[in-house]
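Engineer: After the C-alpha cells below, expect a handful of questions from me.
The values are calculated or read from the model by the stated rules, or taken from the named source; none is laboratory data. All of these numbers come straight from a predicted model, not from anything done at the bench. A quick note on method: Cβ atoms are made from the backbone with ideal geometry, for glycine too, and the neighbour counts reach across all protein chains shown.
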Amino acid sequence: MSQHAAAKPPVSLTPAPRSALVLLSGGQDSCTCLAWALSRFDRVETVGFDYGQRHRVELDVRQDALRELRRLRPDWAQRLGEDHFLDMRWLGQIGDTAMTADKAIEWQANGLPTTFVPARNLLFFTAASALAYRRGLNVLVGGMCETDYSGYPDCRDNTLKALQVALSLGLAAPMTLETPLMFLTKADTWQMAQDLGGEGLVALMQEHTHTCYLGDRSQRHDWGYGCGQCPACELRRQGWQQWVAR
C-alpha cells in the first residue's frame with residue numbers, strides 16, 4: 001500500500017446524526033410531533049410563529065409544554081435545543097380569515113372554512129427552512145394531517161412533498177419535511193402520545209397544549225382546554241372519545 005493510500009482517513013459506515021427543527025404551535029398535534037422528533041433525532045430545535053392568530057394563547061402555553069417535556073424525559077431534555085420565534089403578523093393583513101380576525105367560523109362557497117389561512121403552512125415551512133439552513137438542521141417536522149382536518153389544501157401530503165422538492169432546490173441542500181401525523185386520526189394521535197411518553201405525555205397534552213380556535217382556556221375538558229364548540233375542539237373531543245373507547 002502506498003503512503004498516499006495509507007494516509008486516507010477510514011470510511012465511516014455510520015450515518016451522520018440528523019437534526020430537526022419542529023414547527024411548534026403549542027397545540028396537541030405539534031407537541032406530539034415534537035415528542036416524535038425527540039425520540040428519533042440527536043438534536044432538536046423548535047420554532048413558533050406569531051401570525052396574528054386569535055388563539056394567541058397557544059404561544060404562551062408552548063413554553064409550558066417545552067418546560068414540561070424537559071421534566072418528563074431527561075434524555076429528551078438533553079436533545080432539546082434552542083427555541084426560536086418568528087414574527088409573521090403580516091399574514092393577517094393578506095389572509096382575512098377567522099383565524100386572524102373577529103369573523104364567524106363557517107363554511108365558504110369554495111368548500112373551505114373561514115379558518116383557512118391561505119398558504120400559511122407553505123410560508124411557515126419556507127421561513128423554517130431558512131432558519132434550519134442557518135442552524136445546520138436538515139429536517140423540518142410539522143403536525144399537518146389530511147385524515148382529520150378541515151380540508152386545508154396546504155395540509156395535503158402531495159402539497160408538502162412538492163414543497164420539499166422546491167425548498168431543497170432553492171437551498172441547494174437536502175431539506176426533508178416530516179409529517180408523522182399525515183395519515184393518522186386524532187385518536188391515533190392520542191395513542192402516539194401514549195406510545196412515546198406514556199401517561200405523563202398524555203397528561204401533558206391535556207394540561208399544557210392548546211388547540212381551540214377561539215383561544216378559550218376557561219373550560220377544562222377530559223381532552224384539555226377549549227370552548228368545546230369550534231371545529232378544532234370538536235375534532236379533539238371526538239378523537240379523545242374514540243381513543244378511550246378502544
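Engineer: Report, by residue number, each residue of the range 217-234 that is surrounded by fewer than 21 Cβ atoms within 10 Å (Cβ to Cβ) and either touching a helix residue (DSSP H, G or I) at 6+ places or on another chain (Cβ under 8 Å) or of a type in the set (G, A, S) (or both).
Structural biologist: R217, S218, H221, D222, C227, G228, listed by residue number.
Engineer: Another question, then. Is it the case that some residue within the range 175-190 is in a loop (DSSP other than H, G, I, E, B) and more than 26 Å from E68 (Cβ to Cβ)? Spell out how you get there, then give the answer.
Structural biologist: Taking the range 175-190 and keeping what is in a loop (DSSP other than H, G, I, E, B), we get 175, 179-185.
Add one more test, that the residue is more than 26 Å from E68 (Cβ to Cβ), and what stays is 175, 183.
Within the range 175-190, one or more residues are in a loop (DSSP other than H, G, I, E, B) and more than 26 Å from E68 (Cβ to Cβ).
Engineer: Could you check, for the range 130-138, whether at least one of its residues is closer than 15 Å to L181 by Cβ and either modelled with pLDDT of 90 or more or buried (at least 18 other Cβ atoms within 10 Å of the Cβ) (or both)? Talk me through it step by step, then tell me what you get.
Structural biologist: Narrowing the range 130-138 to residues closer than 15 Å to L181 by Cβ: none.
No, that holds for no residue.
Listed here are the residues, each with its yes/no results for (1) among the aliphatic types (A, V, I, L, M); (2) not in a helix (DSSP H, G or I).
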site: M192; (1), (2): yes, no
site: G197; (1), (2): no, no
site: V202; (1), (2): yes, no
site: H210; (1), (2): no, yes
site: G215; (1), (2): no, yes
site: C227; (1), (2): no, yes
site: E234; (1), (2): no, no
site: R237; (1), (2): no, no
site: Q241; (1), (2): no, no
